[in-house]
Every structure is written in C-alpha cells, then in structure tokens.
Amino acid sequence: MEHTLAMLRKYEQLGFSNLIASPHVMVDMYTNTPRLIKKQLAAVIKSSEAANINLTLAAAAEYMLDEGFGDLLENNTLLPIGDNRVLIEFGFYASPFNLDELVFQIQAAGLQPIIAHPERYRYYFRDITDLRNLHKRGSSLQINLLSLGGYYGKRVAALARQLLENNLVDYLGTDAHSIDHLQKIEALLNDRKVCKLIQSHQFKNHELLSA
C-alpha cells in the first residue's frame with residue numbers, strides 16, 4: 001500500500017485526476033477476479049482518502065486472450081471498463097490463432113474490445129493491415145505512453161507513431177507498474193516532440209470517465 005500511495009501521489013503531481021487501474025488476468029499467473037479487484041480498489045480508495053490524495057479511482061482488468069478467457073466470457077465474469085469495454089492483450093510473439101473468432105465472441109456478448117499496447121506485438125512491426133482491419137471491425141486500440149518515448153525499443157516507438165499517424169489509436173495508457181515508470185513518463189512529458197505528437201491526436205480517454 002505504501003508503494004501504491006507513492007505512485008498515486010506521483011500521478012497527482014503529474015496532473016492526473018482520474019485513474020482506471022487494469023491489473024492483469026492470466027491463467028495460472030494472475031488469477032485476479034472481479035471480487036478481488038473490487039476489494040483491493042476499496043482498500044486503496046480508503047487509504048488514498050486518508051492520505052489526502054485527490055484522485056478519482058476506478059478499476060477494470062487487462063485480460064490475456066489465453067485458454068482461460070473463453071470461460072470468463074461465457075460465464076460473464078469479466079470486469080469491464082464502464083458497462084461494456086473490455087481491455088484485452090495478446091502474446092508478444094504470436095497472436096491467438098483464433099483471434100478473429102474471439103473478437104467476434106466478445107462483440108456478440110455486447111462488449112467492445114480495447115486492444116492493449118498493439119505497438120508491442122512484434123508480428124505487427126512490418127504490416128499493420130490486421131490492426132487496421134480489427135479497428136475497422138469495431139476494436140479500439142490503446143497504446144502506451146512509455147512506448148512513444150522508446151522505453152520498449154525503437155521499433156515499438158516507430159509502430160506507436162505509425163498507428164497515430166494512421167488515426168488508429170483511440171486510447172492512451174500509462175502502463176505504469178512502478179514509480180520508476182512514472183518518473184520516465186514525467187521525463188517523456190517534458191519532451192516537446194512527444195508532447196506535440198500527443199496533442200495533435202484526439203484520444204477518447206475522457207469517454208471512459210462517463211462509461
């Protein structure tokens with residue numbers, strides 16, 4: 001909790017006012033459930049209020065499209081952002097073989113997929129056609145702030161910029177797992193070129209606040 005509060009203070013210092021945490025959900029690794037996430041969120045809100053931190057906090061989850069995701073979807077045990085947005089991620093080196101089917105099932109369940117950090121998937125480095133098609137068929141794309149600064153490498157940064165230039169990016173996330181990440185974001189926000197790139201694009205993050 002001490003680390004969490006330190007991160008929240010840093011977010012506040014950076015000018016954030018609303019945060020939506022999205023802890024990972026992966027089979028046999030991160031077995032977070034809506035009940036557990038909501039319980040921890042309540043504890044964080046209580047502690048942040050006691051520490052006079054002025055942030056509005058919410059939580060959802062980031063779901064790996066692994067062998068356990070289908071059961072979560074079928075049993076309606078996902079924790080979406082708002083009523084119907086669900087944050088999903090793929091493996092970094094290979095996409096799910098049945099990706100189109102999974103996306104269709106998500107949408108058929110009345111949910112809108114948000115694909116987390118597509119710029120970090122190596123199989124899209126050379127060709128963004130599949131991402132363009134996913135976006136065209138109703139999936140939203142969210143890139144990471146850290147990606148734009150080259151934190152994950154030059155090719156990731158290049159793809160993030162390419163997606164922005166092609167108007168395929170809907171949301172901007174921090175991907176901050178530590179104080180160190182937030183310090184790197186602080187340095188990034190002092191980079192004029194990066195700030196100009198961000199300011200030239202209309203993100204939809206504000207829509208999540210009323211979701």
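The values are calculated or read from the model by the stated rules, or taken from the named source; none is laboratory data. Values in this document were obtained by computation on a predicted structure and should not be read as measured data. Counting neighbours? That spans all protein chains shown, and the Cβs are built from the backbone with ideal geometry, glycine included.
Figures for the structure shown
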read-out: Condition broken by residue 76, with the remaining ones in (1) in a loop (DSSP other than H, G, I, E, B); (2) of a type outside the set (D, E, K, R); (3) surrounded by 12 or more Cβ atoms within 10 Å (Cβ to Cβ) satisfied; value: (3)
read-out: Pick from segment 1-16, criterion more than 17 Å from the chain's Cα centre (by Cα) and assigned to a loop (DSSP other than H, G, I, E, B), ranking: surrounded by the fewest Cβ atoms within 10 Å (Cβ to Cβ); value: 15
read-out: Filtered residues of segment 118-138 (kept if in contact (Cβ under 8 Å) with a residue 40 or more places away in the chain and out of contact with any Ser or Thr (no Cβ under 7 Å at 6 or more places or on another chain)); value: 118, 128
read-out: Within segment 20-61, tally of residues that are of a type in the set (A, V, I, L, M, F, W, C), over 22 Å from residue 83 (Cα atoms) and assigned to a loop (DSSP other than H, G, I, E, B); value: 4
read-out: Pair list, Cβ under 8 Å, 6 or more apart: segment 24-53 residue within 29 Å of residue 65 (Cβ to Cβ), other residue hydroxyl-bearing (Ser, Thr, Tyr); value: 24/30; 25/31; 25/63; 33/77; 34/77; 44/4
read-out: Matching residues in segment 18-31 - criterion: being over 26 Å from residue 206 (Cα atoms) and either surrounded by 13 or more Cβ atoms within 10 Å (Cβ to Cβ) or at pLDDT 95 or above (or both); value: 26, 27, 30
